[in-house]
Each structure stands twice: as C-alpha cells, then as structure tokens.
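Okay, structure first, notes after.
We did not get these values from a lab; they are worked out from the coordinates using the rules stated. Please read all numbers here as calculations on a predicted model, not as lab measurements. Quick reminder, even Gly has a Cβ in these numbers, built from the backbone with ideal geometry, and neighbours come from all protein chains shown.
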C-alpha cells in the first residue's frame, strides 16, 4: 500500500507560512479551489487572450515563486479574500507550474495528499506539450486524480476541451516517466513531446528529472534552465539511459543529483 500521507507534508515551495489561516478559510472542493486559483493567477503565455498587454503589466516572469511569496504578491495587490475573483489585470502572472503548485499547497494545507507532476499534455497544442498539473489522492476510491487548475472557461472553449479539469483523463496527460518509457519501447515518437520547437528524447529526459525532483519536494531545479542548453548538449548519452529508465519507473525514489548537460 502506497504511503500517501507522505504527500500531505509541505515542501519549502508549497508551504503557505504566514498565509495558513487564509487558506484554512477556503473549501476543500477541487472544482471550487480551481476556480479560486483562476481568479488570482493568469498564465504568461495567454495574456493577450485575457485582454492584457504584457508591456503594461508590473512583472511577467517564468520563475515559479514559493506560495507564501506568491500570496504576498496577490494580497498586496488586492487584500480581498482569495475567493473574490480578480479581473485579469489584477491577477499575478505565472505559468502552469504556479497553478499546479497553488492547488497542491491548498490541498496539503487541508491534509489532502497532493503533489505537483511534470509531464506532457495533449490538449494545449498539436504536441504532447511540456506541462505541470496537480495530482491529488481520492480517499473514497483510493486512487490518484489529476487536476489542471489552469484550464478555465476561456481555455476550455478555445482549445475544445470537453473533460472536467478537476479530473484530467490519463490519456490526456502523461507523466514524464510515462513518456520516456513509451519512447523507449517505440510505442511513442519522441519528436511528439516537447516545448515549442524543442522536442525529442533530450527534452523528455529534462522532464523525467524535473518530475523526479518535484516528487522529492524540489519544485524548481537547475533543469528549469533548459533553454540555455546549446544544440550540441541536447542529447541523451548511452551512459544515462539506465538511470533515466529507473527514474521513469520510480520517480518518487530518494533524490538523485544530476548536473544539467550544459553545466557539466
């Protein structure tokens, strides 16, 4: 039996610290929490679709902030309760990982086992696109579910998404390890996985390591700097394959330190 209680403990990034009482006032319903998060965050890649001009915003960054700092930012801009939906220009700008981390923080604060997962989604573009979601434990049916709190009404309509974002089908999101193993067995094409024009086995490797780290309480790592890797470093060496196979199968194992290719 899996020790799911492990996933009720906060990491340094998910711990709300001084905002614990604010989160305690929120309900435990996943759908309501998703709606709450959508009312305080906006994704940096979709600003124009919310009527926003990036040049007019205070900050636009792909850096994932600890939840305590993120809530400082949100409540500093508007001190109303988190349940009050902010207009898009009053929300904090983040990425899919910020949405997933916030839901994870809220659920852990309510003793609901949850964890951020790094992998690939097939509902955001023509690719299996680099993406982060929250995975939470359903005590009633004794299984894990996926929730994508980024997917609001606008994105559902624009992307033609028909599933409920609080229960993302497993055929629509695969963890990085699942993607790696699918590519290794030739069931999947590595070039179908990636971010923008960067695809292939090397990018899948990057996400295998990031998923491994996040399951060890490290939601950010040096591997987030993958854009800095020159093309000559975007390869998978034969000496790496056995370790990557193992991390893909057991991503929750004790952390294995791997230095990014471009820093080695």
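Points worth noting:
- The order of 183, 172, going from fewest to most other C-beta atoms within 10 Å of their C-beta, is 172, 183.
- Extents of the range 114-264, largest first, come to 42, 33, 28 Å (Cα atoms, principal axes, whole angstrom).
- Kirkwood Rh and Cα Rg combined as Rg/Rh, the range 83-150: 1.02
- The chain - percent relative contact order, Cα under 8 Å, separation 6 or more: 18 percent
- Note on residue 138 and residue 232: with the Förster distance fixed at 35 Å, the Cβ-Cβ geometry gives a FRET efficiency of about 0.20.
- Remark: the chain is approximated by an ellipsoid whose semi-axes, taken from the C-alpha gyration tensor as √(5λ), come to 29, 21, 18 Å, largest first.
- Between residue 191 and residue 5, the distance separating the two model label sites (each 7 Å from Cα on the Cα→Cβ line) works out to 5.0 nm.
- Note on the chain: GNM, Cα springs under 10 Å; of 89, 126, 35, the largest mean-square fluctuation is that of 126.
- Intensity falloff of the range 145-230 expressed as log10 I(q)/I(0), Debye formula with alpha-carbon point scatterers, at q = 0.12, 0.13, 0.26 Å⁻¹: -0.45, -0.53, -1.22
- If you plug the beta carbon distance of residue 111 and residue 45 into 1/(1 + (r/R0)^6) with R0 = 30 Å, you get a FRET efficiency near 0.35.
- Cα centroid separation, the range 194-264 to the range 123-168 (Å): 23 Å
- At full extension, residue 69 and residue 28 could sit 12.6 nm farther apart than now, given 0.36 nm per residue minus the alpha carbon distance.
- Between the beta carbons of residue 145 and residue 55, assuming R0 = 25 Å, the FRET efficiency works out to 0.05 to the nearest 0.05.
- Scattering from the range 32-117 was approximated by placing one identical point on each alpha carbon and applying the Debye formula without solvent; log10 I(q)/I(0) at 0.24, 0.26 1/Å stands at -1.31, -1.50.
- Computed on the range 168-264, with alpha-carbon pairs under 8 angstrom and 6+ residues apart, the relative contact order is 31 percent.
- In degrees, nearest ten, helix 238-249 long axis to first principal axis of the chain (Cα): 40 degrees
- Helix-only [θ]222 nm of the chain, DSSP H runs n ≥ 4, -39500 (n - 2.57) each, per residue, nearest 500: -9000 deg cm²/dmol
- Within a Gaussian network of the chain (alpha carbon springs, distance under 10 Å), most fluctuating of 112, 37, 161: 161
- Estimated inter-spin distance, residue 161 and residue 254, nm [label 7 Å along Cα→Cβ]: 3.8 nm
- Principal semi-axes in Å for the range 194-264 [√(5λ), Cα gyration tensor, largest first]: 19, 14, 11
- Averaging the sequence gap over all C-alpha pairs within less than 8 Å and six or more residues apart, then dividing by the number of residues, gives the range 1-129 a relative contact order of 39 percent.
- Ranked list, fewest to most other Cβ atoms within 10 Å of each Cβ, for 23, 48: 48, 23
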